[in-house]
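Reviewing the structure listed below.
The values are calculated or read from the model by the stated rules, or taken from the named source; none is laboratory data. The structure displayed is predicted, hence computed values, not measured ones. As a convention, Cβ positions derive from the backbone with ideal geometry for all residues, glycine included, and neighbour counts pool all protein chains shown. Note: areas computed on protein heavy atoms with side chains; ligands, DNA, RNA excluded. Shrake-Rupley method; radii C 1.70, N 1.55, O 1.52, S 1.80 Å.
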Amino acid sequence: GVIGPDGVGKSTLLGLMAGSKQLQKGTMTVLDGDIGNVRHRRSVCPRIAYMPQGLGKNLYFELSVSDNVDFMARLFGLSSTERSAKVKELLDATGLAPFPDRPAGKLSGGMKQKVGLCGALVHEPDLLILDELFSGMSMSEVASTLPIIEKLNAEGLSIIMVEHRLKELFRIAHRVMVLNFGEKIAEGAPREIMESEAVKAAYLGTEEEG
């Protein structure tokens, strides 16, 4: 998990990890190689799933729920039979099965996020990068999505998340990194982060987060 005040570089960090932003200096190791290296980036990007910040940022609003997920499956070369099975599996898992024909543009914010998650998972990535997945979700939607993330992680999928919902993030993250002014000020298990005075002063002690 990655947390920190607004504007400190969390989304930029995830974009660099996903290969959608270009490193200006330094190196970053992602899936056993420097993501700044063009050859490595091209070889590993198909193994990375990235949900950027913003509701429905990776969706086509004129397409239906099932067509959005099917389109992503086509991009990754799944056969017709594979696509049909995978779309059904993901819609069932996220509670979207009753709405396959609803245009993505007419979904609630939380449902848009769920469709985006389905699209991200359709090719069974090795690394899942989520920038505020729970944004726009109701409490019930968050509650139904948390077990999906926990199950994926238990099955061996590496997940990196930025979240403002600290209670939920601390429930599922094994390690949390705290950014402030573009610098890492702490990293450790959730309990260690909660007890860090530096973190409390920079972030956790704000009125907004309690």
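Quick notes
- Karplus-derived HN-Hα couplings along segment 159-173 (A = 6.51, B = -1.76, C = 1.60, θ = phi - 60°), whole Hz, x at Gly and Pro: 10, 10, 10, 9, 8, 9, 7, 5, 4, 5, 4, 5, 6, 9, 7
- Dipole axis of segment 104-210 (+1 Lys, Arg; -1 Asp, Glu on Cβ), positive-most option in 130, 105, 161: 105
- [x] 16.2, 51; [y] 17.5, 54; [z] 18.4, 56, with the label sought being that of the calculated Rg and Dmax of the Cα atoms in Å: [y]
- Couplings 3J(HN,Hα) for segment 113-122, derived from phi with the Karplus relation 6.51 cos²θ - 1.76 cosθ + 1.60 (θ = phi - 60°), are 5, 5, 5, x, 5, 4, x, 5, 8, 4 Hz, where x marks Gly and Pro.
- Average accessible area per residue (Å²) across the chain - probe 1.4 Å, nucleic acids and ligands excluded: 52 Å²
- Scanning the chain for GluC sites (Glu not before Pro) that sit in a DSSP loop and have at most 15 other Cβ atoms within 10 Å, the longest stretch containing none of them is 63-154.
- Solvent-accessible ranking of 31, 107, largest area first, probe 1.4 Å: 31, 107
- Counting protein heavy atoms only, segment 1-140 has 50 percent of its accessible area on carbon and sulfur, 1.4 angstrom probe.
- Anchor residue 21: lysines whose Cα lies under 23 Å away (excluding residues fewer than 8 positions away in-chain): 10, 57, 184
- A DSSP coil position with no more than 12 other Cβ atoms inside 10 Å describes the following chymotrypsin sites (Phe, Trp or Tyr not before Pro) in segment 40-149: 61.
- Centre separation in Å (Cα based) which lies between segment 69-125 and segment 1-33: 26 Å
- Calculated mean residue ellipticity, 222 nm, the chain: -11500 deg cm²/dmol, from DSSP H runs (n ≥ 4) at -39500 (n - 2.57) each, averaged per residue and rounded to 500.
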